[in-house]
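Quick notes on the structure that follows.
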Amino acid sequence: MLHAQSFRVHIPEEARPLASGGERASAPGPLDGRLLLLLSNDASVEPRMQIDLSPRTQNVFGMTLESANPGSVVKVDDGAAGYPHPRLSEVPAGRYRVQAVLNLYETFHMGDGRVLKLAPDRGEGQHWNIAPGNLYSKPLEITIGSNGKPERDADITLSEVIPPIVPVPDSEFVRRLRIQSALLTKFWGRPVYLAATVLLPAGFDQHPDARFPLMLFEDHFDDEFTEFRSTPPDPNLKPDYSERFHLEGYNRIQQQEAYKLYQTWISKDFPRFMVVKIQTANAFYDDSYAVDSANLGPYGEAIETELVPAVEKKFHGIGQGWARFLYGGSTGGWEAMAAQVFYPDHYNGAFIACPDPVDFHAYTNIDLYKDANAYFINGANKQVEQPAMRDYLGHMMITQRGVNQYEASLGDHGRSGEQYDIWQAVFSPVGADGYPAQIFNKQTGMIDHTVAQYWHDHYDLTAKLQREWPQLQPKLDGKLHVYVGYEDTYMLNNAVYLLQDFLDKANPPAHAEVAYGPRAEHCWNGDPTLPNAYSRLHYETMYVPKIMQRIQETAPKGADLKSWRY
């Protein structure tokens, strides 16, 4: 048994860096990336699978490597950024399993001349612990002594390589499309691809002349429809337990609901339409937020002018705004609203569930325009740390400082691949170092109000409605449907309150729908009859009655209302 509080990480002689496009280079060479040291006192799974924002999280300590040579040794000590313990020396004495992961970076020569080192998505949805090509070690048992002093360094070797993702095959109902985006390729200075996973209507192959409405299901990176299952539930499936919903056998519930969706989908009177999930994972996150951005590039235009038309051409879409709708929750909720607001003629309605902040006066519980600090409120004689997550009874799960400490351990320069860093990457201008300009300092929480003003002018959705309502109202009349729980885990209801204040008083009227779920956490999506555990599995059907009514009321004269109703 080793006794240690500093660690020596060995990079193998045969270690290969990433070449262009996220592929491993053909020969060993210097490596760039984020080295993550993981310490866990939970032996149930590998430490790399146990780092999160919950109270159950294990320990991570991160440091950036530049041009680390194969065969070299890197020492990890108190200089590494840690979470939940800021420094390695603060880890309590005890027995741990230690593991190291090197999240590899690639050099990006951007179209505007910037040179950035980033972790490209490699088909996994921007997750460092499963990203193909990343190096990692086998878990090793150690003991950390009570005196805080190492008896000797613990040696860890990055002997393993995460394998490539195995592609999911197409099926009768679920098919895929991948295209190279000319707009994004120009921005990133390399080939960039967009993809879509499409749930096709029953009878698609038997009705080649039919043309179908399109429902754009905004979501995180997801190239499957696990909520759709054409075979009965597995009777031998071992039931699991959902910590999130406090339900035994939730995996069985998911299979049951997925099969019910299939049965509804093929039923005689159910309307025929396609549901599309798009994949826009990038070097900052598992999703692009579906808008144009100074740091991510023109994802909004690329989706609207390249990907959606390609999907509609291949899978027989009607291809007109009256026959397109949006829905999604959380990130997808924000994207659904943003796409409807930025491209109001492209869609006929947006069903916006638990959206990420739609008003930056309530950036979760931070007022980016008035607050001086994102982490605490200053009182007369004390500072009050602000929560970032809660349960539906109000128990705080982690502070704003804690969330950003977590992200800072995973990557500097906004390279954590996590939530606050992607908001910053999407909404901020380019910073002086070529990476996204900081909205607030990760260490101190001090807000940069110049950057906040940029956010206001470009991505605050409520501010955009207020600013442009005379022009937008005729195009958004009756199209906005917003749903959120009163006790949203991330306090996203706060921004919805401010959005509703505007929509209720808007002149001309917005004819919008805003509804709240009592005692409902993230991500309530508008069904007052079922708990989140069930309603989150029903996106493909729950808005259909309202969508069909909207189509009947707004389809232009001569519109195709029959070919897809077989």
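The values are calculated or read from the model by the stated rules, or taken from the named source; none is laboratory data. The shown structure was predicted, so the numbers you read here are calculated from the model rather than taken from an experiment. Cβ atoms come from the backbone with ideal geometry, glycine included; neighbour counts cover every protein chain shown. In case anyone asks, the SASA skips ligands and DNA or RNA and just uses the protein heavy atoms, side chains included. Shrake-Rupley method; radii C 1.70, N 1.55, O 1.52, S 1.80 Å.
Tabulated results
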read-out	value
Probe 1.4 Å, all protein chains present, accessible-area order of His109, His449, largest first	His109, His449
Cut-off under 5 Å, modelled amide H: who pairs with Met389 long-range	Met397, Ile398
Once the Cα gyration tensor of region 413-566 is diagonalised, semi-axes √(5λ) in Å	34, 22, 17
Angle in degrees between helix 449-458 and the longest Cα principal axis of the chain, rounded to the nearest 10	30 degrees
DSSP-assigned coil residues among trypsin sites (Lys or Arg not before Pro) in region 32-91, each with at most 15 further Cβ atoms within 10 Å	Arg56, Arg87
Reduced Cα scattering model of region 259-347, Debye log10 I(q)/I(0), q = 0.15, 0.24, 0.26 Å⁻¹	-0.65, -1.31, -1.42
Solvent-accessible surface ranking, highest first, for Tyr420, Tyr262 at 1.4 angstrom	Tyr262, Tyr420
Within region 451-499, chymotrypsin sites (Phe, Trp or Tyr not before Pro) in DSSP loop having at most 15 other beta-carbon neighbours inside 10 Å	Tyr486
Helix-only mean residue ellipticity at 222 nm for the chain, each DSSP H run of n ≥ 4 adding -39500 (n - 2.57), per residue, nearest 500	-6500 deg cm²/dmol
Set of lysines near Lys138 by C-alpha distance (under 29 Å), chain-local residues within fewer than 8 positions excluded	Lys75, Lys117, Lys149, Lys238
Per residue value of the accessible surface for the chain (all protein chains in place, 1.4 Å probe), Å²	42 Å²
Ordering of 234-245, 61-72 by packing [mean C-beta count within 10 Å, highest first]	61-72, 234-245
Residue-count net charge about Gln340 - beta-carbon cut-off 11 Å; Lys, Arg +1, Asp, Glu -1	0
Solvent-accessible area, 1.4 Å probe, carbon plus sulfur percent, for region 280-389	50 percent
Within straight-line cross-link reach of Lys370, lysines at Cα separation under 21 Å, skipping those fewer than 8 residues along the same chain	Lys382, Lys442, Lys464
Sorted largest first, extent of region 204-263 alpha carbons per principal axis (Å)	46, 27, 16
Descending semi-axes in Å of region 1-90, equivalent ellipsoid built from Cα gyration tensor	26, 16, 13
Share of carbon and sulfur in the accessible heavy-atom surface of region 40-168 [1.4 Å probe, %]	51 percent
Of all accessible heavy-atom area on region 414-544, the percent that carbon and sulfur account for (1.4 Å)	52 percent
Degrees between helix 461-476 axis and first principal axis of the chain (Cα, 0 to 90, nearest 10)	20 degrees
Using alpha-carbon coordinates, inclination of helix 493-505 to the longest axis of the chain, degrees	30 degrees
Members of Lys260/Lys479; Lys479/Lys546; Lys313/Lys546; Lys479/Lys505 lying beyond 21 Å, as alpha-carbon distances in this model show	Lys260/Lys479; Lys313/Lys546
Sequence-distant residues sharing a close amide H with Val514 (under 5 Å, placed H)	Val482
